[in-house]
Amino acid sequence: MPSQAARTPDTIAAIATAPGRGGIGVVRVSGAALSGFARELTGRNPRPRVASFVRFVDARGETIDEGLLLYFNAPASFTGEDVIELQGHGGPVVMQLLLDRCLALGARLAEPGEFTRRAFLNGKLDLAQAEGVADLIEASTAAAARSAVRSLSGRFSQEIHRVRDALIDLRMLVEATLDFPEEEIDFLEQARALPRLGSIRVQLEKVLDRARQGALLRSGLNVVLAGAPNVGKSSLLNQLAGEERAIVTDVAGTTRDAVRETIQIEGIPLHIIDTAGLRATSDVVERIGIERTRRELERADVVLRLVDASRPGEAAGGTDIDLGLAAGIECITVINKIDLAGLLPQRTEEQGSVTVCVSAREGQGIDLLRSELLRVAGWHAHGEDVILARERHLVALRAALEHVNAAGERLSALELFAEELRLAGDCLGEITGEFSADDLLGVIFSRFCIGK
């Protein structure tokens, strides 16, 4: 983790609350020696970690607003530098006047995520914790928010450090043996290298599994409803959403554009997309809608292919429509309108192809469909230890596991064994930021909101 020497000297400022009107608005400032800065703003010397009711004044001493001044002196602050927060009335004009006053006093406008980036550079947070800040702000479900808090508190980082420390310990033993070749010691048996490597592999696999679940919590799953007109796609969307989100009529081709709704199943956000029915048509508007359906199918994680149980032959696939799905996209056949055909809700599987029978109008079989969506997503309950991982975390964990597996294949060449352990440790170091290129940091923090 970067040390205190990494602190940047200039002063940054930004409005830290969301755009719009509110009862309270906050302007945040971070830099070096901000007590004088605060005195210029308020005419008073700030007391560290004490909320003071003050007047915020402009260069002529006229009042801009009244509110609270909070001063956190370095290093006991979020960024590790001096930080002041100006809490005033949450009108956009007032907030802009306060920000302009800070800029006039020598601060510059903060870049997206720059406060959190400074906290990382000054050793207040590691990179996984810093990303936890953004994930907590962006969390779309309660489960995702709880997982983000765990990352922010350092639990994810602690697990990564635990595995990395085990890799380092094993690697040190190997390298010590390499330094003293005259010691005729059977390293693999004396150091219990194989069991220790196996334990590391198990730990990594557990962390990776929980990280995959966290990635689902964070980004969710794109589920596209597809099929011919009037098979009940809009009715199914409404049933899954629990409200009337899409227009349902007996007229074929009612849905002309994609209708989106995000729902939660076991805390997993599912982005349900109702699309135009697929058929040959001369209607120009409907053809545009069908083309958009094709584009949604290309971006889908899961496709629910709906067929109508009340139409003779269709439930058996006699009037199937070519969806043109790319490899790797899961497809579940949903036989709808079973209430009209006298069928019962059920799930069947034949040669790896899953079919679920439902009635979107009556709600029959919907729980079966929800369970199937969770299965396809790869979700299984972990209790309160899911890691809200990002794609880069998954890539690093997979790479670390590959190097650990490679180490197990190089037991006869201790130099290569040690090198694979080093590479695995470096992959884990990328997660917490011990080994991170500046361009990677730029990409990560540029996605944060301004003021955070």
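Just to verify a result, which residue in region 331-349, among those that are in a strand (DSSP E or B) and touching a helix residue (DSSP H, G or I) at 6+ places or on another chain (Cβ under 8 Å), is surrounded by the fewest Cβ atoms within 10 Å (Cβ to Cβ)? Looking at residues that are in a strand (DSSP E or B) and touching a helix residue (DSSP H, G or I) at 6+ places or on another chain (Cβ under 8 Å), I get Gln346. The single condition from (1) farther than 18 Å from Val163 by Cβ; (2) aliphatic (A, V, I, L, M); (3) buried (at least 24 other Cβ atoms within 10 Å of the Cβ) that Leu416 fails is (3).
Okay, residues lined up against (1) farther than 19 Å from Arg117 by Cβ; (2) in contact with a Phe, Trp or Tyr (Cβ under 6 Å, 6 or more places away or on another chain); (3) surrounded by 14 or more Cβ atoms within 10 Å (Cβ to Cβ); (4) not assigned by TED's automatic domain parsing to the domain that holds Pro112:
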site	(1), (2), (3), (4)
Val29	no, no, yes, no
Ala32	no, no, no, no
Leu41	yes, yes, yes, no
Thr63	yes, no, no, no
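Filter region 86-119 down to residues that are among the acidic types (Asp, Glu) and within 33 Å of the chain's Cα centre (by Cα) and give me whichever is farthest from Ala33 (Cα to Cα). Among those that are among the acidic types (Asp, Glu) and within 33 Å of the chain's Cα centre (by Cα), it is Glu111. Within region 371-394, not a single residue is of a type in the set (Ser, Thr, Tyr) and either under 30 Å from Thr177 (Cβ atoms) or in a loop (DSSP other than H, G, I, E, B) (or both).
I'd like the residue in region 128-147 that is surrounded by 24 or more Cβ atoms within 10 Å (Cβ to Cβ) and among the aliphatic types (A, V, I, L, M) and, out of all such residues, is modelled with the lowest pLDDT. Taking the candidates together, the pick is Ala144.
With respect to (1) in contact (Cβ under 8 Å) with a residue 24 or more places away in the chain; (2) farther than 12 Å from Val29 by Cα, the lone exception for Leu69 is condition (2). Within region 367-410, if we keep just the residues that are modelled with pLDDT under 90 and basic (Lys, Arg), the residue that is nearest to Ala148 (Cα to Cα) turns out to be Arg390. Applying the set (1) in contact with a Cys (Cβ under 8 Å, 6 or more places away or on another chain); (2) without any contact (Cβ under 8 Å) to a residue 24 or more places away in the chain to Asp100 leaves exactly one unmet item: (1).
The values are calculated or read from the model by the stated rules, or taken from the named source; none is laboratory data. Model, not experiment: these values are computed from the prediction. Every residue, glycine as well, gets a Cβ built from its backbone with ideal geometry; the counts of neighbours run over all protein chains shown.
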